[in-house]
Amino acid sequence: MFSVRIWGDRGSMPVPGPDTVVFGGNTSCLEIRCGSRIIIIDAGSGIRGLGDWLVRNELKNGPISADIFITHTHWDHIMGFPMFTPIYVPGTKLCIRGPVNFEDETLEQIIGAQLSYRYWPVRQDELAAKIRYESLKETELDLGDGVIMRTKYLNHPVLCLGYRVEYEGKAFVTAYDHEPFINLFPTDPADPDYDAAVAEEGDKAAHEENARIEAFYKDADLLIHDTQYTAKEYKAGKQGWGHSSYEYAINAANRAGVKRLLLFHHDPNRTDTELQELELFYQGKLRGKTAMSVDVSREGMLLNLA
């Protein structure tokens, strides 16, 4: 078995309510099953529901053991950890990995800071689970049982990793929070700071970095990609915020030969009606032009890769 379940797909902050019932209001959390292995990507508010499900359905088979990979430490991606029920259950074993990018704090300190009395009634050293932390950079990990995890730095205001899980000849990739690399140097000859050689080098660097990103999810069976904005919204003032447009994600995934693309990290102001309209719009645009299937992520989706 190789499957992915969506427990949270909203960006920036949780938005529960009548307008987010269909596509979901919880922030990012993915559950991956590779045989008997449990891999979790991100501990946004969606991890609360996952934890409760694991305790109800998995604990009867023995202590819960899982690998948790954090894309980055912005709060919407770690805020659910204090309500992840297995951390209060004796026998639970967790390995939490992710990038560290703020001053000299460790991953344990960043995530554990939520578990202090000023924010939460239980401190980290009072948890029943056995938790191990590991800092990650761009690397390849053999997790055992035939599971390979590859990581890639994305373009976000803090260090952020994309993950590529390979198992039984299939590949699943995440690319969020991410926006395309652009040339940061002046390219207009009329600009007083314009330098032709520097502008050319900037274009080359941006092109190379974007090519590396596409190589990372080349031929993926499933890609979950950041699409917080439309191209119009992105160009109207969202550049530099670390998120992609629908148009960029679709075009990049198609160039990379991705088989199925799931549009993810929905803007907190986006309603179910708006997301449904966007899904139908882009599916209509692509009909007959690509073999790649494209859908908007929905909380609760279960996708089988094998």
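Just so you know, all these numbers are worked out from the coordinates, no wet-lab data involved. Please read all numbers here as calculations on a predicted model, not as lab measurements. Cβ sites come from the backbone with ideal geometry, for glycine too, and all protein chains shown count toward neighbours.
Comparing Cα centroids, the stretch 194-245 and the stretch 51-112 end up 30 angstrom apart.
Sorting Arg298, Arg123 by the number of Cβ atoms found within 10 Å of their own Cβ, with the fewest placed first, yields Arg123, Arg298.
Taking a quarter of the surface of the convex hull around the Cα atoms of the stretch 165-245, what do you get in nm²? Could you put the intermediate results ahead of the total?
Numbers: hull surface 25.6 nm².
Mean projected area of the Cα convex hull: 6.4 nm².
Note on Asp19, Asp76, Asp104: ascending count of other Cβ atoms within 10 Å places them as Asp104, Asp19, Asp76, the fewest first. You can think of it this way: the chain between Ala190 and Ala128 has 16.0 nm of extra reach, that is 0.36 nm per residue less the Cα-Cα gap. Of all DSSP bridge pairs formed entirely within the chain, close to 50 percent run antiparallel.
The order of the peptides 26-32, 85-91, 287-293 by mean Cβ neighbours within 10 Å, most packed first, is 26-32, 85-91, 287-293.
Order of Cys95, Cys160 from fewest to most other C-beta atoms within 10 Å?
On the way: Cys95 15, Cys160 25.
The fewest-first ordering by Cβ neighbours comes to Cys95, Cys160.
Scaling the Cα radius of gyration of the stretch 2-304 by the globular reference 2.2 N^0.38 Å produces a ratio of 1.02. Helix 246-255 and the longest principal axis of the Cα set of the chain meet at an angle near 90°. Kindly identify the stretch 1-136 as rounded, prolate or oblate by the Cα gyration tensor criterion: order the square roots of the eigenvalues as a ≥ b ≥ c, call it rounded if a/c is under 1.5, otherwise compare a/b with b/c, prolate if a/b is larger, else oblate. Taking the square roots of the gyration eigenvalues as a ≥ b ≥ c, the stretch 1-136 is rounded.
Per 0.36 nm of contour for each residue apart, how much would the distance between Met1 and Lys285 grow if the chain were fully extended, relative to their Cα-Cα spacing?
Numbers: separation 284, 0.36 × 284 = 102.24 nm, distance 3.31 nm.
Working it through step by step, the gained length comes to 98.9 nm.
Mind checking the angle between helix 272-286 and the chain's longest principal axis? C-alpha axes, 0 to 90 degrees, to the nearest 10. For 272-286 against the chain, the angle is about 50 degrees. In the chain, the longest principal axis of the Cα atoms and the axis of helix 47-57 are about 40 degrees apart. Highest mobility in the GNM of the chain, judged by mean-square fluctuation with C-alpha springs under 10 Å and restricted to Asp226, Asp177, Asp193, is found for Asp193.
Given R0 = 45 Å, the distance between the Cβ atoms of Val158 and Asp19 translates into a calculated FRET efficiency of 0.95.
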